[in-house]
Amino acid sequence: QVQLVESGGGLVQPGGSLRLSCAASGDIFSIRVMDWYRQAPGKQRELVGAVTAGGTSNYADSVKGRFTISRDNANYTSSLQMNSLKPEDTAVYYCRADVALGTRGPGYWFTYWGQGTQVTVSS
């Protein structure tokens with residue numbers, strides 16, 4: 001019904017930058033929130049940040065001031081700009097979205113996840 005596809009991961013040196021993108025497609029009426037999560041080896045998945053359709057964003061304390069989330073409502077995309085990367089930012093990054101389906105209309109929200117993209121911060 002709905003697919004989320006992340007891109008932009010890779011290997012970067014400490015202090016470097018990466019930009020991740022997430023594209024949603026399928027039977028979409030609207031998207032309420034687009035989140036970014038990450039999961040490091042041996043750790044639980046954690047919220048990195050989120051942005052609402054109105055543009056309100058919030059971030060985990062560990063990434064505040066370094067990461068920025070943006071979204072394009074018309075094209076159902078979200079981006080995660082990551083600056084001043086640290087080795088502890090190494091993880092698989094996932095995009096998540098709360099979606100109202102075209103076939104169901106507003107008010108019925110379904111959660112979808114992307115497949116994840118690996119980010120490795122290492123010298």
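The values are calculated or read from the model by the stated rules, or taken from the named source; none is laboratory data. Worth saying up front: this structure is predicted, and the values here are computed from it rather than measured. Note: ideal-geometry Cβ built from the backbone for every residue, glycine included; neighbour counts use all protein chains shown. Please note that ligands, DNA and RNA were not included when accessible areas were found on the heavy atoms of the full protein model with its side chains. Shrake-Rupley method; radii C 1.70, N 1.55, O 1.52, S 1.80 Å.
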Residue list for the stretch 107-123, filter: assigned to a strand (DSSP E or B), surrounded by fewer than 18 Cβ atoms within 10 Å (Cβ to Cβ) and not hydroxyl-bearing (Ser, Thr, Tyr): Trp109, Phe110, Trp113, Gln118
Pair list, Cβ < 8 Å and 6+ apart or interchain, from the stretch 105-123 residues that are touching a residue at least 40 places away in the same chain (Cβ under 8 Å) to residues that are among the aromatic types (Phe, Trp, Tyr) and open to solvent by 40 Å² or more (accessible area, probe 1.4 Å): Gly105/Phe29; Pro106/Phe29
Filtered residue count, the stretch 49-84, keeping only those that are part of a loop (DSSP other than H, G, I, E, B), in contact with a Gly (Cβ under 7 Å, 6 or more places away or on another chain) and free of Cβ contacts under 8 Å to residues at least 60 places away in the same chain: 2
Arg104 being surrounded by 15 or more Cβ atoms within 10 Å (Cβ to Cβ) and of a type in the set (Lys, Arg): no
Identity of the residue in the stretch 59-101, among the β-branched types (Val, Ile, Thr), more than 12 Å from the chain's Cα centre (by Cα) and closer than 13 Å to Val48 by Cα, that ends up surrounded by the most Cβ atoms within 10 Å (Cβ to Cβ): Val63
Candidate set from the stretch 10-48 (those that are assigned to a loop (DSSP other than H, G, I, E, B) and in contact with a strand residue (DSSP E or B) (Cβ under 7 Å, 6 or more places away or on another chain)); member that is most open to solvent (accessible area, probe 1.4 Å): Arg45
